[in-house]
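Shown next, in structure tokens, is the structure this report addresses.
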Amino acid sequence: MGQTGRVNHATIAALDRLDALRTALDGVDLPLSIAGADVARDARRAAVRQIDDYIQPRLSNLDAPLLAVVGGSTGAGKSTLVNALVGLPVTRTGVIRPTTRQPILLHSPADAAWFASTRMLPGLARVTGVVREAPAHQAGDDPDATRIGSVVLVTDDRVPRDLAILDAPDVDSIADENRELAGQLLAAADLWLFATTANRYADAVPWKLLDDAAARDITVGVVLNRVPQGAESEVEADLRTMLGERGLGSAPVFVVTESPLDERGMLPASAVAGIRAWLTGIAGDRAERARIAGRTLAGTVERLGATARTVADARDEQLVVARDLRETVRTAHHDAAERVGDATRDGVLLRGEVLARWQDFVGTSDVFRTLESWFSRTRDRVTAWFQGRPAPTVEVEHEIESGLHAVMVDEAGRAASDAWSRVRQSAVGRQLTGGADLAHPPADLPERTSRLVRDWQQALIELITEQAAGKRTKARVMSLGLNVITVALMVVVFASTGGLTGGELAIAGGSAVVGQKLLETIFGEDAVRRLAAQARADLEARVHVLLLEQASRWDPLLEPIEAGADGDALRDAAAQLERAMAAVGTPADGATHRELLPSDMVEGEALDAVVTGAQAESPIDGEADEVHELEPPR
Ligand SMILES: Nc1nc2c(ncn2[C@@H]2O[C@H](COP(=O)(O)OP(=O)(O)O)[C@@H](O)[C@H]2O)c(=O)[nH]1
Ligand SMILES: [Mg+2]
């Protein structure tokens, strides 16, 4: 019992790579509903399932029995065919076809351990079927009950050893879960027996599946059922032409001439003799079995690589779209920051009566004849001003502050609504923003903006203080008051373009000139130029920070999409698997393979060595609901 042979390191390496690819596929984030995402998500899900159902177990057990899956459209005669192949009415057939039915897997007693284990198709629980001669319609027993997620195992020694036959649900079933299950089973097959009829063989649905078979290089036997007597060669020729066009020219075609069913609903054994001979031939030929298993495995892994690359492209698409959306949001906020910049340049903010008064008060152009005398007079006036009427400096300061504040709040609001509406122009943007509330700026925006203005003014005071290190300058600053100087600097900042001052100054009315002169008197022309430039740069930086902070409210939506690996991780994993598989070779290459894991069952071992899934069921103590009752012949 068991087989001898060296541990196949190449296979272990390939299994490792397969696991890595599975992890990579499983972990791919495709949350955005963009074109192709649905297809990629489905392909990913099917690929992961196929790894679990078929590739992994087959690669680990190249000598395990083959699984022939009988697939085809509703009424193609699949069940009738399976019954005829084993000479036993194991599967119900009839006009009233249940739309939901468990697939039935028929295997030789010698293969019981393998199929009862959930090594292959691990997601499907095993229900052990028994053939009952008595009617199965007992009270409360619904023979058509849906038991999706399980497969009925029927052991019969008429089934050839090393080749099990599975009657799959209709590939065109109106029930989604049945169609899905049919696809899952076909994806787990080593070979297909594809059933169609003389009337229906040109239908589109089955051909889509046959294309998949061709792409995977899977061995397919095509059964052309219910062919009217005399029409055999004509229909067969037509079908062969179609198969040839689809790259399935080498598939054997079995023509089953229409014949009456017996009283048990059975086709005569002679009708399926050719199919039976083909299957038995494969089953009895170890090399042929290995060739078929290896070919299907290789084709399937190749297809898996292609799928991985498709999913990788879809992943990259997601990243591109997420980055586009982020850029849209960023641009809306960046533009708003720029607009704040524009609105605080060229004197736009320096309007209104208060500024006019500031200008009147602080001076007119004719006071500049001698700077020193102007300065002393100015200081006197300013001092008087502070002591007398409501302080215009404070008013000016407030005016500028509230103007600046309003501009920023306005623009931040516009940034929020711009970002929102631009993102929501696309379906994917609408999907992304579904439950979010980002159309408006945050409630604390006014407060943050006030803080920004205060902080900026504080920074101006620090700038001025630094600049006023010299004794004389300090004295002048102190005599006028930091407030007056600060306001003058703000006026200059908002009047000038890009920190240009003096002769290059874009003057926003006299107030700027006055502020300018005042500051130049104290600090000198160069210093004022520098001060103004620094003050403006500082303000712009703060405005950008404020707006980008606001843009970061989108992070919780975008970061989860951006965070995952890009498509290259998948492409790498696929390429590594392909390299590892090339080293494995196939049984057809004459390599020696053995079952790798000690827990794998070996022919002849007791059933208790069999691993069954958590949800696997067994017919314990005759519990009726755990036994799939096979309908007796009618
Ligand atoms: N007379 C006749 N009836 C058939 C033949 N094959 C299938 N049927 C009937 O066609 C219907 C559908 O067959 P079934 O095996 O259930 O198809 P499935 O849906 O592919 O499993 C049933 O009523 C069968 O009895 C055949 O070769 N001859
Ligand atoms: Mg059927």
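Checking each residue in the stretch 268-282 for being open to solvent by 10 Å² or more (accessible area, probe 1.4 Å) and either over 15 Å from residue 82 (Cα atoms) or not aromatic (Phe, Trp, Tyr) (or both) picks out 268, 269, 270, 271, 273, 274, 276, 277, 280, 281. Looking for something touching a residue at least 60 places away in the same chain (Cβ under 8 Å) and within 14 Å of residue 404 (Cα to Cα) - is there at least one such residue anywhere in the stretch 463-474? Scanning the stretch 463-474, I find no residue that is touching a residue at least 60 places away in the same chain (Cβ under 8 Å) and within 14 Å of residue 404 (Cα to Cα), so the answer is no.
Looking at the stretch 125-175, none of the strands (runs of 3 or more DSSP E) lying wholly inside it contains 2 or more residues that are open to solvent by 30 Å² or more (accessible area, probe 1.4 Å), closer than 16 Å to residue 70 by Cβ and modelled with pLDDT of 60 or more. Of all residues in the stretch 459-476, those that are under 60 Å from the mean Cα position of the chain (by Cα) and surrounded by fewer than 13 Cβ atoms within 10 Å (Cβ to Cβ) total 2. When the stretch 418-456 is limited to residues that are over 30 Å from residue 322 (Cα atoms) and open to solvent by 20 Å² or more (accessible area, probe 1.4 Å), the one that is farthest from the chain's Cα centre (by Cα) turns out to be 454. Within the stretch 333-340, can one find any residue that is assigned to a helix (DSSP H, G or I), of a type in the set (Lys, Arg) and within 30 Å of residue 120 (Cα to Cα)? No, because not a single residue in the stretch 333-340 is assigned to a helix (DSSP H, G or I), of a type in the set (Lys, Arg) and within 30 Å of residue 120 (Cα to Cα). Restricting attention to the stretch 74-89, the residues that are open to solvent by 10 Å² or more (accessible area, probe 1.4 Å) and more than 15 Å from residue 255 (Cα to Cα) total 6.
Of the residues making up the stretch 70-101, those that are more than 9 Å from ligand 1 (Cβ to nearest atom), at pLDDT 65 or above and part of a loop (DSSP other than H, G, I, E, B) are 87, 88, 89, 90.
The values are calculated or read from the model by the stated rules, or taken from the named source; none is laboratory data. Model, not experiment: these values are computed from the prediction. When we count neighbours, we look across all protein chains shown, and the Cβ atoms used for this are built from the backbone with ideal geometry, even at glycine. Side chains included, ligands, DNA and RNA excluded: accessible areas come from the protein's heavy atoms. Shrake-Rupley method; radii C 1.70, N 1.55, O 1.52, S 1.80 Å.
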